[in-house]
Amino acid sequence: MKIVVFGLWHLGSVTAACAAVEHDVVGLDFNDITVDALSQGKAPLFEPGLNELIVERIASGRLSFTSQPHEACREADLLWACHDIPVNENDEPDREFLFEQMRQVAPALTPGALVLVSSQVPVGTCARLELEFPSFRFACSPENLRLGKAIEAYQNPARVVVGTRFDADKETIRAAFGTLADRILFMRTESAEMLKHALNSFLAASISFINEIGRLCEQTGADAAEVSIGLKSEPRIGPGAFLSAGGPFAGGTLARDVTALTQIAAEHGTSLALIPAIKASNDRHKKWAFERLRAQHGDLEGKTIAILGLTYKPGTSTLRRSAALELARDLLLAGSTVKAFDPIITKMPAEFDGVCLEESLRKVLENADAAVICTEWPEFRAADWSELVPLMNNALIVDANRFLDSALNGISNVKHASVGRI
């Protein structure tokens with residue numbers, strides 16, 4: 001079948017490349033720079049294996065990219081909306097972005113066309129799309145990709161959630177997912193939209209819960225890692241629960257759904273207590289690393305702090321909602337000298353020109369009063385810390401998730417601070 005993947009940032013470029021393994025796919029985006037880069041096999045965001053997969057699919061003749069909607073949509077069986085929806089500084093999604101995109105592509109679509117929405121949008125979006133574009137049918141399959149592991153997440157999901165109103169559309173959607181068709185969980189459209197909010201909010205609540213327990217452990221002599229093991233051994237909770245004390249959730253994805261549910265409740269006149277508190281708790285926890293630095297050094301003015309890792313998570317190049325950048329801002333305001341190193345970032349954003357971006361782990365740690373693990377790149381764990389620690393001044397390593405536990409084992413003259421233990 002012919003599929004048009006509409007919107008070609010992270011979600012769209014991954015979806016287009018993966019779907020082209022089984023189908024003829026045209027990637028459509030109105031940004032000519034993005035289209036030109038993808039046509040040369042260069043994705044807009046680093047994702048392990050993605051550039052190689054794009055090149056392979058282009059060479060096979062199954063994948064192409066364009067900015068021309070009429071060219072893309074000719075004889076298409078499905079328009080797959082995969083835009084990464086913008087969010088503002090308060091984690092509020094831009095609800096109108098997808099509508100603006102649809103208004104531009106609508107003239108190129110055949111009446112009766114099926115549009116599958118995978119963009120992360122608030123519940124009720126498909127119903128609004130149906131009102132504004134009554135000539136088309138809309139279904140929803142919330143995105144389920146993970147930065148740094150997106151191809152694996154697409155190719156081997158636990159299940160694929162699809163919300164649709166018409167049984168006749170199920171066959172088209174099954175065909176689009178190809179070998180994943182037997183993993184599709186069909187439900188009503190609004191349920192699929194709500195499920196994404198509910199899932200991310202539940203994960204966010206779990207993270208906030210265990211981080212609050214972790215901070216109490218630091219005050220009482222308990223060890224949050226041991227508490228976590230006990231919780232996960234409880235059959236009603238289970239070993240896969242998001243219950244490992246560490247850093248706050250970042251990146252915007254979880255916070256966006258917590259915020260969306262809070263807004264939806266307000267729009268419907270429903271008062272919520274638990275869900276709004278998730279974000280408030282996480283926002284407080286974002287200060288944990290800064291507070292541990294201050295607890296050790298007191299006044300941070302004039303102290304040299306090394307930030308290890310800048311991206312939102314390992315395996316990606318995105319800095320959006322990076323916890324490292326938030327920490328850097330706080331340290332600069334406190335008068336600290338801030339150095340940073342990330343194996344994939346070669347230039348700091350303009351507003352962080354006060355941060356010295358170093359070219360190696362060794363350089364960033366030289367004469368640092370403390371180092372903070374902000375992105376858990378494998379290179380950091382693999383480094384020889386017995387050689388690196390002596391480069392620091394009275395070495396303090398702030399490592400929320402205990403990422404360096406094994407790497408620092410047996411090394412003297414280093415204080416290793418983590419969430420949930422003294």
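The values are calculated or read from the model by the stated rules, or taken from the named source; none is laboratory data. Computed from a predicted structure; not experimentally measured. Using ideal geometry, Cβ is built from the backbone for each residue, glycine included, and neighbour counts are taken over all protein chains shown.
A few notes on this one:
- Taken residue by residue, the range 30-47 has no member that is buried (at least 22 other Cβ atoms within 10 Å of the Cβ), within 18 Å of residue 104 (Cβ to Cβ) and touching a helix residue (DSSP H, G or I) at 6+ places or on another chain (Cβ under 9 Å).
Quick grid of which residues meet (1) in the same structural domain as residue 336 (by TED's automatic domain parsing); (2) of a type in the set (D, E, K, R):
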residue	(1), (2)
204	no, no
222	no, no
248	no, no
267	no, yes
292	yes, yes
303	yes, yes
314	yes, no
320	yes, yes
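- Search result, residues across the range 141-157 that are within 23 Å of residue 123 (Cβ to Cβ) and among the acidic types (Asp, Glu): 143
- Of all residues in the range 233-262, those that are in contact (Cβ under 8 Å) with a residue 24 or more places away in the chain, among the hydroxyl-bearing types (Ser, Thr, Tyr) and either assigned to a helix (DSSP H, G or I) or crowded, with 22+ Cβ neighbours inside 10 Å (or both) total 2.
- Taking the range 1-29 as the range and being part of a loop (DSSP other than H, G, I, E, B), within 20 Å of the chain's Cα centre (by Cα) and crowded, with 21+ Cβ neighbours inside 10 Å as the test, the residues that pass are 7, 8.
- Some residue of the range 59-72 being at pLDDT 95 or above, among the basic types (Lys, Arg), in contact with a strand residue (DSSP E or B) (Cβ under 8 Å, 6 or more places away or on another chain) and not in a strand (DSSP E or B): yes
- Any hit, the range 50-57, residues being outside any helix (DSSP H, G or I), assigned by TED's automatic domain parsing to the domain that holds residue 106 and crowded, with 16+ Cβ neighbours inside 10 Å: no
- No other residue among 133, 202 is more than 17 Å from the chain's Cα centre (by Cα) and at negative phi apart from 133.
- Apart from one condition, residue 344 fits all of (1) touching a Ser or Thr at 6+ places or on another chain (Cβ under 6 Å); (2) on the phi > 0 side of the Ramachandran plot; the exception is (2).
- Take the conditions (1) farther than 17 Å from residue 26 by Cα; (2) in a loop (DSSP other than H, G, I, E, B); (3) in contact with a helix residue (DSSP H, G or I) (Cβ under 7 Å, 6 or more places away or on another chain); residue 83 misses just one of them, which is (1).
- Only one of the numbered conditions (1) farther than 23 Å from residue 261 by Cα; (2) out of contact with any strand residue (DSSP E or B) (no Cβ under 7 Å at 6 or more places or on another chain); (3) outside the structural domain of residue 281 (by TED's automatic domain parsing); (4) modelled with pLDDT of 95 or more is violated by residue 127, and that is (1).
- Some residue of the range 177-200 being of a type in the set (Gly, Ala, Ser), farther than 16 Å from residue 122 by Cα and in the same structural domain as residue 49 (by TED's automatic domain parsing): yes
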